[in-house]
Amino acid sequence: KELKAIPGIGEVKAVQLKCLAEITRRLTKATRARAVSLGSASSVAAYYMEELRHENKEKLLVSMYDSQCMLLGDEVISVGTVNASLVSPREVFLCALSWQAVYIILLHNHPSGIPMPSTQDRLVTKRIQECGELLGIRLSDHIIIGDNQYFSFKEEHLLQRP
């Protein structure tokens with residue numbers, strides 16, 4: 001609808017532009033998949049940046065890794081409101097167990113574009129980390145995606161280590 005409001009863009013051209021944007025997003029993600037490193041918050045953030053930074057609602061996903069720190073896959077756990085997302089450790093770890101993950105990284109976006117963690121983000125991170133320790137699935141990081149910037153709990157030394 002927004003594209004068709006531009007003079008000269010009709011239904012067909014609007015669909016073509018949307019398709020082009022989706023193809024670009026997929027190519028970017030496929031290219032970056034090989035460079036994703038569990039130990040590098042910047043590589044993980046770069047991999048998910050285009051997928052998450054334009055969302056107008058908070059989207060929380062879990063990225064899962066095997067014992068060799070190789071990316072197994074990811075799943076969206078929750079889609080929230082413009083400034084909140086609901087997350088249950090149960091949902092996170094059911095997902096991680098189904099992928100046989102050894103490590104996980106939580107990722108979510110802040111539609112405001114500012115990736116600073118809220119008090120709720122900090123509490124959720126602590127709770128997920130504690131549950132993961134009981135299950136033997138380590139929370140390696142929690143990354144918040146903003147507009148071309150990110151916040152890493154690991155880089156900021158906010159993850160407690162046993």
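The values are calculated or read from the model by the stated rules, or taken from the named source; none is laboratory data. Since the model is a prediction, treat every value here as computed from it, not as a measurement. FYI the Cβ positions are ideal-geometry reconstructions off the backbone, even for glycines, and counts take in every protein chain you see. The protein model used for the area step is the full one, side chains on, heavy atoms only, and it has no ligands, DNA or RNA in it. Shrake-Rupley method; radii C 1.70, N 1.55, O 1.52, S 1.80 Å.
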### Summary
Summing -39500 (n - 2.57) over every DSSP H run of at least 4 in the chain, dividing by its residue total and rounding to the nearest 500, the 222 nm mean residue ellipticity is -12500 deg cm²/dmol
### Query
Just the accessible area for Lys57, please: 1.4 Å probe, Å², rounded to the nearest 10?
100 Å²
### Query
For the charge dipole of segment 116-157, defined by +1 on Lys and Arg C-beta atoms and -1 on Asp and Glu C-beta atoms about the Cα centroid, which residue among Ile137, Ser118, Gln149 has the Cα displaced farthest towards the positive pole?
Ile137
### Query
When the Kirkwood radius is taken over all Cα pairs of the chain, what Stokes-Einstein diffusion coefficient follows at 25 °C and 0.890 mPa s, in µm²/s?
148 µm²/s
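Suppose we look only past 13 Å in the calculated P(r) of segment 111-152. What percent of the Cα-Cα pairs does that tail hold?
Counting pairs separated by more than 13 Å, the tail of P(r) holds 56 percent.
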### Message
Suppose every Lys and Arg Cβ carries +1 and every Asp and Glu Cβ carries -1, with no other charges. What dipole size does the chain come out with about its Cα centre, to the nearest 20 debye?
### Response
260 debye
### Message
Run the count for the chain, please: Lys pairs, Cα-Cα under 12 angstrom, 8 or more apart or on different chains.
### Response
4
### Task
Give me the distance in nm between label points sitting 7 Å out from Cα along the Cα-to-Cβ direction at Glu75 and Ala21, one decimal.
2.8 nm
### Task
With the full set of protein chains in place, find how many percent of the accessible area of segment 110-162 is carbon and sulfur; take the probe as 1.4 Å.
52 percent
### Task
Work out the length of the dipole vector of segment 97-162 about its Cα centre, built from +1 on the beta-carbon of each Lys and Arg and -1 on the beta-carbon of each Asp and Glu, and round it to the nearest 20 debye.
180 debye
## Note on the structure
By accessible area (1.4 Å), largest first, Arg127, Arg138 order as Arg127, Arg138
### Query
Across segment 53-147, how large is the tail of the calculated P(r) beyond 19 Å, expressed as a percent of all Cα pairs?
35 percent
#### Entry: Charge dipole (segment 47-162, unit charges on Cβ, about Cα centre) - positive-most of Ser98, Gly80, Leu158
Leu158
### Task
Residues in segment 100-121, backbone N under 19 Å from the label point at Arg127 (7 Å along the Cα-to-beta-carbon vector): list them, ranges by number please.
104-110, 117-121
